[in-house]
1. Among the residues of region B:115-130 satisfying the criterion of being more than 9 Å from chain A (Cβ to nearest Cβ) and surrounded by 14 or more Cβ atoms within 10 Å (Cβ to Cβ), which is modelled with the lowest pLDDT?
2. Do you know which of the residues in region B:1-26 that are in contact with a Leu (Cβ under 8 Å, 6 or more places away or on another chain) and small (Gly, Ala, Ser) is farthest from B:ASN38 (Cα to Cα)?
3. With the structure loaded, tell me whether B:LEU112 is crowded, with 16+ Cβ neighbours inside 10 Å and either within 14 Å of another protein chain (Cβ to nearest Cβ) or at negative phi (or both) or whether it fails that test.
4. With the structure loaded, tell me whether B:SER119 is of a type in the set (Ser, Thr, Tyr), in a helix (DSSP H, G or I) and without any contact (Cβ under 8 Å) to a residue 40 or more places away in the chain or whether it fails that test.
5. Being among the aromatic types (Phe, Trp, Tyr), under 27 Å from A:MET28 (Cα atoms) and within 14 Å of chain A (Cβ to nearest Cβ), is that true of even one residue in region B:65-81?
6. Looking only at residues in region A:20-48 that are open to solvent by 30 Å² or more (accessible area, probe 1.4 Å) and closer than 12 Å to B:ILE58 by Cα, which one is farthest from the other protein chains (Cβ to nearest Cβ)?
7. Is there a residue in region A:1-19 that is at the interface with chain B (Cβ under 9 Å from one of its Cβ atoms) and open to solvent by less than 40 Å² (accessible area, probe 1.4 Å)?
8. I'd like to know if region A:21-37 contains one or more residues that are farther than 24 Å from B:LEU121 by Cβ and of a type in the set (A, V, I, L, M, F, W, C).
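The values are calculated or read from the model by the stated rules, or taken from the named source; none is laboratory data. Because the structure is predicted, anything quoted here is derived from the model rather than measured. Please note: Cβ atoms are built from the backbone with ideal geometry, for glycine as well, and neighbour counts cover all protein chains shown. Quick note on the areas: whole protein, heavy atoms, side chains included, nothing else; ligands and nucleic acids left out. Shrake-Rupley method; radii C 1.70, N 1.55, O 1.52, S 1.80 Å.
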Amino acid sequence: MKTRIKEFRARHDLTQQDLADKVGATRMTIVFLEKGTYNPSLKLAKKIAVALKSNLDELFIFEKNDLK
Amino acid sequence: MKKDYTVTIIAGILLIFLGIFFQVSDLARGMIPLIFMNAGTILIVIAVISHNRYGAGITQDERTRALGARALSNSWLLTFVLVNVLFWIDYTKVLTLSASHILGILLFTMTLSAGIIQSILKKRGIINED
């Protein structure tokens, strides 16, 4: 899974810590999310999408192999 | 300082004073006062370290909770295997193990393995891969 969290975060001029505070997560969780090594819960994914004024499809990109 | 840390430090100080009180008043003898004082000290140290590391920020979220749960379940599995090994060692009389030996080994294994597995998972970051 790839994410565009970093890109959207930069657009909103937010640091990883700012985003973490907004969504009630630790900074390391945001780090792993941006690296694509952590699959968040639907609730956290939605919180991030709301915080970045985006939607899930824009933020989280699934390739064919990810859904197998 | 966050309220949680303040409460932990107060609890630690109370435990230390309770330990000193037991020691001075002779209400409890032997190891009991020491256990109270050690527990109090550990609480204070944990609160201070957590305060320095996280400050007023968030200390836990879904990832860290899932990580802790995964580490504990792996540690439980490891301990289960170890219990089986210890049983057969004792049953076949390869070694003579007392109850305190076994309890000590289990206590050590569970604590250490949970900590090690948790730190490995923290570094990897992946905890919910297929």
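1. Among them, the one singled out is B:LEU121.
2. The extreme case among them is B:ALA11.
3. Answer is no for this residue.
4. Taking the combined requirement at face value, the residue satisfies it.
5. Within region B:65-81, none of the residues are among the aromatic types (Phe, Trp, Tyr), under 27 Å from A:MET28 (Cα atoms) and within 14 Å of chain A (Cβ to nearest Cβ).
6. A:LYS22
7. Initial filter on region A:1-19 (at the interface with chain B (Cβ under 9 Å from one of its Cβ atoms)): A:17.
Within this subset, residues satisfying the condition of being open to solvent by less than 40 Å² (accessible area, probe 1.4 Å) are none.
Within region A:1-19 (the criterion being at the interface with chain B (Cβ under 9 Å from one of its Cβ atoms) and open to solvent by less than 40 Å² (accessible area, probe 1.4 Å)), the answer is no, since none of the residues qualifies.
8. As a first pass, look at region A:21-37 and keep what is farther than 24 Å from B:LEU121 by Cβ: A:22.
Applying the additional criterion that residues be of a type in the set (A, V, I, L, M, F, W, C) yields none.
No, because not a single residue in region A:21-37 is farther than 24 Å from B:LEU121 by Cβ and of a type in the set (A, V, I, L, M, F, W, C).
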